[in-house]
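Comments concern the structure below.
The values are calculated or read from the model by the stated rules, or taken from the named source; none is laboratory data. Everything numeric in this text was worked out from a predicted model, so none of it was measured. FYI the Cβ positions are ideal-geometry reconstructions off the backbone, even for glycines, and counts take in every protein chain you see. Just so you know, the surface numbers come from the protein's heavy atoms only, side chains and all, with ligands and any DNA or RNA stripped out. Shrake-Rupley method; radii C 1.70, N 1.55, O 1.52, S 1.80 Å.
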Amino acid sequence: MMINAVWEDATLTADGAEIAALTADNDLTVDGTAIEVSHTAGALRWQVAGETGEESFRIRMRGLNTGSLTARCGSRRYRVQRDSTFSTSRTVVDEEGVVVARTQPSRGTDLRVQLFDGAPLPDLAFITWALTLMDTPGRATRI
């Protein structure tokens, strides 16, 4: 099963239904889970972290450029790769090499997302929300 969704402002929606949202208190709420998120950026460092009380979430740069990212959500690991050197689209792959999501920026402020079966929805919401910070430069971010 595939869900076509879009991050607009602080909400991930599909067919008019809310899938996830970032609150004013920097809690990412999805599927009954609240993930408290934080963002760190610097010249050679970019990371988004989150905590639920039961699990830790993290996505960060792998190396010196933003083309390759790694994510860890609880015990689950993901690779997040740009589709090509000059592309802004990304593919999210789990540890077994299965594609679990694809993203593509739209209008500089929105992030179009395809979510596939194979990964928990909180993981995919966290990873794709973090990508809005990097791949949609026109967004006004509250963190």
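Only one of R90, R82 is charged (D, E, K, R) and touching a residue at least 24 places away in the same chain (Cβ under 8 Å). Can you tell me which?
Unique residue meeting the criteria: R90.
Can you tell me which residues in segment 16-60 are within 12 Å of the chain's Cα centre (by Cα) and among the basic types (K, R)?
R58, R60
Mind listing whichever residues of segment 52-82 are at pLDDT below 95 and part of a loop (DSSP other than H, G, I, E, B)?
Within segment 52-82, G53, E54, R62, G63, L64, N65, T66, G67 meet the criteria.
Tell me the residue from T128, T85 that is assigned to a loop (DSSP other than H, G, I, E, B) and either among the β-branched types (V, I, T) or within 14 Å of the chain's Cα centre (by Cα) (or both), please.
Answer to the selection: T85.
Which one of A21, A49 is assigned to a strand (DSSP E or B), in contact with a strand residue (DSSP E or B) (Cβ under 9 Å, 6 or more places away or on another chain), open to solvent by less than 20 Å² (accessible area, probe 1.4 Å) and modelled with pLDDT of 90 or more?
That would be A21, the only listed residue that is assigned to a strand (DSSP E or B), in contact with a strand residue (DSSP E or B) (Cβ under 9 Å, 6 or more places away or on another chain), open to solvent by less than 20 Å² (accessible area, probe 1.4 Å) and modelled with pLDDT of 90 or more.
Just the residues that are acidic (D, E) and either surrounded by 14 or more Cβ atoms within 10 Å (Cβ to Cβ) or touching a Ser or Thr at 6+ places or on another chain (Cβ under 9 Å) (or both), please, taken from segment 24-46.
D27, E36, listed by residue number.
If you scan segment 28-45, which residues turn out to be part of a strand (DSSP E or B) and closer than 27 Å to A14 by Cβ?
Correct list: L28, T29, V30, T33, A34, I35, E36, V37, S38, H39.
Any residue that is basic (K, R) and closer than 22 Å to A21 by Cα - is there at least one of those in segment 78-89?
So far as segment 78-89 goes, no, none of its residues is basic (K, R) and closer than 22 Å to A21 by Cα.
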